[in-house]
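First the structure, in the form of structure tokens, and then the observations on it.
The values are calculated or read from the model by the stated rules, or taken from the named source; none is laboratory data. Just so we're clear, the structure is a prediction, and the values are computed from it rather than from any experiment. Ideal geometry is used to build each Cβ from the backbone, glycine not excepted, and the neighbour counts take in all protein chains shown.
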């Protein structure tokens, strides 16, 4: 018999509370800090908030933009670009950040906890 993995969707905030092209930090129930972003086309993303190059919890303060057609946030520390869809660091693929699945239900942004 195999165990089923279950996940839980955790409500964070109203999607309208997020300004386009800006990030905000959020605290998950286990104490993990994540960075939430809403892009100009109202797509939402969530990544770990910790910059893997410095250890600082600052990605939510990064610059949101586009790099070669990929939505990114650039760290406010040393400006490395992270793909908002995957968490991949475009400047050093060995230094990725965790990406969290998100969805909007009835105007509320939810993040998937596994």
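On the basis of being at pLDDT 95 or above and within 17 Å of residue 32 (Cβ to Cβ), does residue 104 make the cut?
In short, no.
In region 76-100, which residues are without any contact (Cβ under 8 Å) to a residue 40 or more places away in the chain, out of contact with any helix residue (DSSP H, G or I) (no Cβ under 6 Å at 6 or more places or on another chain) and part of a loop (DSSP other than H, G, I, E, B)? Outline the logic, then answer.
In the first step, residues of region 76-100 are kept if they are without any contact (Cβ under 8 Å) to a residue 40 or more places away in the chain; the result is 76-83, 86, 88-94.
Retained after the next criterion (residues that are out of contact with any helix residue (DSSP H, G or I) (no Cβ under 6 Å at 6 or more places or on another chain)): 77-83, 86, 88-94.
Across region 76-100, the qualifying residues are 77, 78, 79, 80, 86, 88, 90, 91, 92, 93, 94.
Condition check: out of contact with any helix residue (DSSP H, G or I) (no Cβ under 6 Å at 6 or more places or on another chain), part of a strand (DSSP E or B) and in contact (Cβ under 8 Å) with a residue 40 or more places away in the chain. Does residue 45 satisfy that? Show your work before the answer.
Values: out of contact with any helix residue (DSSP H, G or I) (no Cβ under 6 Å at 6 or more places or on another chain): yes; part of a strand (DSSP E or B): yes; in contact (Cβ under 8 Å) with a residue 40 or more places away in the chain: yes.
Judged against the criteria, residue 45 is a match.
Starting from residues that are over 12 Å from the mean Cα position of the chain (by Cα) and not in a strand (DSSP E or B), keep the ones in region 101-111 and report whichever is surrounded by the most Cβ atoms within 10 Å (Cβ to Cβ).
107
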